[in-house]
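Peer 1: Sharing a structure here in structure tokens format.
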Amino acid sequence: MTATETPSPDTLTSPAGNPLGFGRMLRKEDARFVRGQGHYVDDLVLPGMLHGAILRSSYAHAKIVSIDTSAAEAHPKVKAVITGKTLEGLNLAWMPTLSGDVVAVLATDKVRFQGQEVAFVIAEDEYSARDALELIEVEYEPLPAVVDARHALDPDAPVIRDDLEGRTDNHIYDWEAGDAAACDEVFANAEVVVAEDMIYPRVHPAPMETCGAVAHMDKVTGKLTIWTTTQAPHAHRTIYALVAGLPEQKIQVISPDIGGGFGNKVGIYPGYVLAIVGSIVTGVPVKWVEDRSENLMSTSFARDYHMHGEIAATRDGKILGLRVNVLADHGAFNGVAQPTKFPAGFFHVFTGSYDYPAAHCKVTAVYTNKALGGVAYACSFRITEAVYLVERMVNCLAFELGMDPAELRMKNLLRPEQFPYTSPTGWVYDSGNYPRALEEAMRIAGYDELRAEQAKRREEAAKPGADPSAPLMGIGISFFTEAVGAGPRKHMDILGLGMADGCELRLHPTGKAQLRLSVQTQGQGHETTFAQIVSHVIGIPPEDIEVIHGDTDNTPFGLGTYGSRSTPVSGAAAAVAAQRVKEKAKVIAAAALECSVEDLEWEHGRWYVKGDHAAGKTMAEIAMAAHSSLELPEGVEGHLDASVVYNPPNLTYPFGAYICVVDVDPQTGAVKVRRFIAVDDCGPRINPMIVEGQVHGGLADGVGMALMEVIAFDSDGNNLGGSFMDYLLPTSMECPSWELGETVTPSPHHPIGVKGVGESATVGSPPAVVNAVLDALQIRAADMPFTPAVTWRALQGRPIRPDLAIE
Amino acid sequence: MRVTIEVNGRETSADIEDRLLLVHYLRNTLGMTGTHWGCDTSNCGACTVWLDGLPVKSCTTLAAMADGRSVRSVEGLEGDTLDPVQQGFIEEHGLQCGFCTPGMMMVARALLDRDPDPDEATIREAISGNLCRCTGYENIVRAIRWAARKQAETGRSDREAEEAVL
Ligand code: FES
Ligand code: FES
């Protein structure tokens, strides 16, 4: 690795007016999207293509007594009906999850959550396929369901996973991090200890495009091509090879334009496998696209962490320690997508942004009769839960101490001189200036004035004859540290696949370039940003650099886009590839200029002879020379390209300070987000416009989770969030006009100093909104989402559990 | 049944099932996939097109209901140049994954045709039936403001509305 550069936004512009490197640049991908010419999976039509639809379980837990498909098969437009029995014959009824468990592709013995896949119909068109679902008769024998995770380990709880040999309970794992003994000592002697229970409810990423696939098995060549909504095409290819026993060189996974991912499109769903099986069975391409209810009920949910936190401090507000017990509801199968060594993801980064010596967490994971998943929705491998925990606990402490939460945070934030900082649970934070970010957020917010306004309003409200409908004003803060860019191969793999990323950069003779990435965009703008990274290093215009991604036949191997890892890992790979091309160009330029390499000096996009500025070669000239008959030094091959596998030495640690201001209607419980101030530090911004867009989207997620999003269940395990009528996403009306700020602290180990940002706001914003609502209500704790009903009940001193329909 | 529907100024006609939704008529029968589908409950707006000049959710409209009427979809926005709304979405980064974008733009175009100078609150209300999971709406609002300004500067508004006047 070359020494770290700290790039400033590049000032030179290309012929098309784009920055020759970093800076605001309009997106290359937009031209097709604004014309309705994006190519999403469901847009694909292949000759002879058939359509699949999945019959799903109506019960949360039931034995399958029988399945009668004869009427469906008799439907004139139905070509095949596949059940678990069919798959058993192919040894495909079960497949591995990303966490070493297995999951049913189609249920054989019993169904374990409402919405589980039971049968697959393939028909000439989608309407007929769905008609035929109605014709399938399934006889179920309902079983009691495990709905409340707190009762999953009760001795008399029904055993969900009796398919696993020797299974007598619903326990998945216990996992610990930190030093329990040291923690106990700190807590035993602390002046103040505050404990609180909180639920981070089950939510769903719900990208606007649902999941789907078109599979085509070419019988003659034996080649399987699958166009699918995946955030990790290469990992999917390998898994298909392992699951189906297909030769990997004959599998091509194409991830075309993806209508949002947010972690929903990391896993392999039964529908994808069924489309493949369908194509094998029928000999023609098969399309399967789920509807919204299927998406919400069966694909990867997020969170569902029941947390008990305890924070220890001195009476004057110095935090001494934090410990937490988590009950993790994993659903009926353990299907979380995260590095193998970390079954609770990166939750143990829960010590957050503060300086204290003692920390410990214990996570107990259980099976319940709900859909599988857990790591999704821009969570950075559960740092959402971790940040929520610590930021709520800090606020609980402030509440008990009667201290301003900003002051308490300022008192405990890590100081700039402490970086690189090794946390009590072993993370090495690469760089940061936390107080500066919080100060900046407070400056933008006008924090003192806001508190003054709040005091005045409270005073008014306390006066006799005060208006009972006067809104209650609340101010909430959160400070987050993210850990993104998984990750060092030695520590991080998914299903045994190390998390390093390949990248290839090739300059054509005319000096135009192609960059092949293993990651791919679901809206993040890779086609633009990655061109800018290369441009930043070698100075050719970003419009001359074509970014190729999302096709395993045309890109090098890598683990995909999630966990905000594209820029930290593949962005580094692209930068290193460009640096190598630049160095090779230097050798070729020296040959062309008939001088020694040492005599050359670089200016953006051009090598020239020291002391003779006119004698030089641009990258385009060098590219042509590299492909010409020019004699090159011994050992130097022609052409101008580089291929890199980047193995990150550490994660990057973006951070930020968020402040939210809400007004709560005391009579209806309705919460209005008046303002939201977000100061993010993700190092230098490659394209500030795109970074801001990423932050905006994440802030809306935070408002959604804090105020309306939850997948709740009734006592029979019926999913109560199975449509957009029930699972509410924030609209333009609930979102304020975001107020953004930034500080810039480069990563010392990333070749261009940048950190990931895709999930920062989703991770950081929920506690800010929740802290604001609770501040308005002047109560210490209640669980999100703060729908009017939940808020109103909390205001009455009778908070309710948001994740269950019954108390 | 047979329907005849004018789509973006072109007459289309097909024999369809009575129950065929307009979104599927556009996407599957005509192969015009710019209009998207995102939910089962008429909540997301990804499918928004115009029916006789007014935005409708084509997932909740039968193709039969459009018989003899005119439909305008995202593919009908661009004239000799991009519609200011399309340009605005590019200039202000009003889209990320692009899935909600066609529906958003159809609503935005309709808004600007009836109110060429909408303020932020008006814009937010106009797009409140359209969900976006990527942008947090801020840049969509800015994109529509950009289009409004552009139209005011250039005197150009909607191609289709202009043609109707001619
Ligand atoms: S597809 Fe969601 S409203 Fe039409
Ligand atoms: S841009 Fe992705 S849903 Fe709006």
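The values are calculated or read from the model by the stated rules, or taken from the named source; none is laboratory data. Nothing here was measured: the structure is a model prediction, and the numbers come from that model. A quick note on method: Cβ atoms are made from the backbone with ideal geometry, for glycine too, and the neighbour counts reach across all protein chains shown.
Peer 1: Would you say residue A:731 is over 19 Å from the mean Cα position of the chain (by Cα), within 14 Å of chain B (Cβ to nearest Cβ) and at pLDDT 95 or above?
Peer 2: yes
Peer 1: Can you say whether residue A:596 is closer than 26 Å to residue A:626 by Cα and of a type in the set (Ser, Thr, Tyr), as far as the supplied structure shows?
Peer 2: Judged against the criteria, residue A:596 is a match.
Peer 1: Now, a different point. Of the residues B:42, B:58, B:128, B:70, which is among the polar types (S, T, N, Q), within 16 Å of ligand 2 (Cβ to nearest atom) and either more than 12 Å from chain A (Cβ to nearest Cβ) or within 26 Å of residue A:205 (Cα to Cα) (or both)?
Peer 2: The conditions single out B:128.
Peer 1: How about segment A:692-709: which of its residues are more than 10 Å from chain B (Cβ to nearest Cβ) and either surrounded by fewer than 24 Cβ atoms within 10 Å (Cβ to Cβ) or over 17 Å from residue A:729 (Cβ atoms) (or both)?
Peer 2: Correct list: A:708 only.
Peer 1: Can you confirm whether residue A:757 is modelled with pLDDT of 95 or more, in contact with a strand residue (DSSP E or B) (Cβ under 9 Å, 6 or more places away or on another chain) and among the hydrophobic types (A, V, I, L, M, F, W, C)?
Peer 2: Spelling it out, residue A:757 is indeed modelled with pLDDT of 95 or more, in contact with a strand residue (DSSP E or B) (Cβ under 9 Å, 6 or more places away or on another chain) and among the hydrophobic types (A, V, I, L, M, F, W, C).
Peer 1: Which residue out of A:233, A:256 is at pLDDT 95 or above, within 14 Å of chain B (Cβ to nearest Cβ) and within 21 Å of the chain's Cα centre (by Cα)?
Peer 2: Answer to the check: A:256.
Peer 1: Within the bounds of segment B:123-141, is there any residue that is in the same structural domain as residue B:89 (by TED's automatic domain parsing), away from ligand 1 (no atom under 16 Å from the Cβ), surrounded by fewer than 24 Cβ atoms within 10 Å (Cβ to Cβ) and more than 23 Å from residue B:57 (Cβ to Cβ)?
Peer 2: no
Peer 1: Tell me which of these residue A:639 doesn't satisfy, since it passes every other one: (1) more than 24 Å from the chain's Cα centre (by Cα); (2) within 16 Å of ligand 2 (Cβ to nearest atom).
Peer 2: Tallying (1) more than 24 Å from the chain's Cα centre (by Cα); (2) within 16 Å of ligand 2 (Cβ to nearest atom), residue A:639 fails exactly one: (2).
Peer 1: Out of all the residues in segment B:7-33, which are in a loop (DSSP other than H, G, I, E, B) and either crowded, with 18+ Cβ neighbours inside 10 Å or more than 9 Å from chain A (Cβ to nearest Cβ) (or both)?
Peer 2: B:8, B:9, B:16, B:18, B:20, B:30, B:32, B:33
Peer 1: Of all residues being in a loop (DSSP other than H, G, I, E, B) and more than 10 Å from chain A (Cβ to nearest Cβ) in segment B:73-91, which is surrounded by the most Cβ atoms within 10 Å (Cβ to Cβ)? Just the residue, please.
Peer 2: It comes out as B:79.
Peer 1: Being among the β-branched types (Val, Ile, Thr), within 16 Å of ligand 1 (Cβ to nearest atom) and surrounded by fewer than 18 Cβ atoms within 10 Å (Cβ to Cβ), is that true of even one residue in segment B:54-67?
Peer 2: Yes, segment B:54-67 contains at least one residue that is among the β-branched types (Val, Ile, Thr), within 16 Å of ligand 1 (Cβ to nearest atom) and surrounded by fewer than 18 Cβ atoms within 10 Å (Cβ to Cβ).
Peer 1: Continuing with this model, one more query. Looking only at segment A:501-536, count every residue that is buried (at least 24 other Cβ atoms within 10 Å of the Cβ) and not polar (S, T, N, Q) and tell me the total.
Peer 2: Residues flagged as buried (at least 24 other Cβ atoms within 10 Å of the Cβ) and not polar (S, T, N, Q) within segment A:501-536 amount to 16.
Peer 1: Which ones in segment A:92-137 are among the acidic types (Asp, Glu) and surrounded by fewer than 22 Cβ atoms within 10 Å (Cβ to Cβ)?
Peer 2: A:101, A:109, A:124, A:125, A:126, A:131, A:134, A:137
Peer 1: Can you find, within segment A:201-221, the residue that is farthest from ligand 1 (Cβ to nearest atom) among those that are in a strand (DSSP E or B) and under 16 Å from the mean Cα position of the chain (by Cα)?
Peer 2: A:202
Peer 1: So, one more: Mind checking whether some residue in segment B:92-104 is farther than 26 Å from residue A:207 by Cβ, outside any loop (DSSP other than H, G, I, E, B) and either within 9 Å of another protein chain (Cβ to nearest Cβ) or in contact (Cβ under 8 Å) with a residue 12 or more places away in the chain (or both)?
Peer 2: Taking every residue of segment B:92-104 in turn, none turns out to be farther than 26 Å from residue A:207 by Cβ, outside any loop (DSSP other than H, G, I, E, B) and either within 9 Å of another protein chain (Cβ to nearest Cβ) or in contact (Cβ under 8 Å) with a residue 12 or more places away in the chain (or both).
Peer 1: Can you find, within segment A:188-209, the residue that is surrounded by the fewest Cβ atoms within 10 Å (Cβ to Cβ) among those that are among the hydrophobic types (A, V, I, L, M, F, W, C) and over 17 Å from residue A:307 (Cβ atoms)?
Peer 2: Taking the candidates together, the pick is A:188.
Peer 1: So which residues in segment B:112-122 are crowded, with 19+ Cβ neighbours inside 10 Å and within 12 Å of chain A (Cβ to nearest Cβ), if there are any at all?
Peer 2: None - no residue of segment B:112-122 is crowded, with 19+ Cβ neighbours inside 10 Å and within 12 Å of chain A (Cβ to nearest Cβ), so the list stays empty.
Peer 1: Working only within segment B:28-53, note down all residues that are within 19 Å of residue A:721 (Cα to Cα) and more than 6 Å from ligand 1 (Cβ to nearest atom).
Peer 2: B:40, B:41
Peer 1: From the residues in segment B:105-121 that are more than 16 Å from residue B:73 (Cβ to Cβ) and part of a helix (DSSP H, G or I), which one is nearest to the chain's Cα centre (by Cα)?
Peer 2: Among residues in segment B:105-121 that are more than 16 Å from residue B:73 (Cβ to Cβ) and part of a helix (DSSP H, G or I), the one nearest to the chain's Cα centre (by Cα) is B:111.
Peer 1: Checking residue B:36 against (1) away from ligand 2 (no atom under 16 Å from the Cβ); (2) part of a loop (DSSP other than H, G, I, E, B), only one condition comes out false. Which one?
Peer 2: Going through the list (1) away from ligand 2 (no atom under 16 Å from the Cβ); (2) part of a loop (DSSP other than H, G, I, E, B), residue B:36 breaks only (1).
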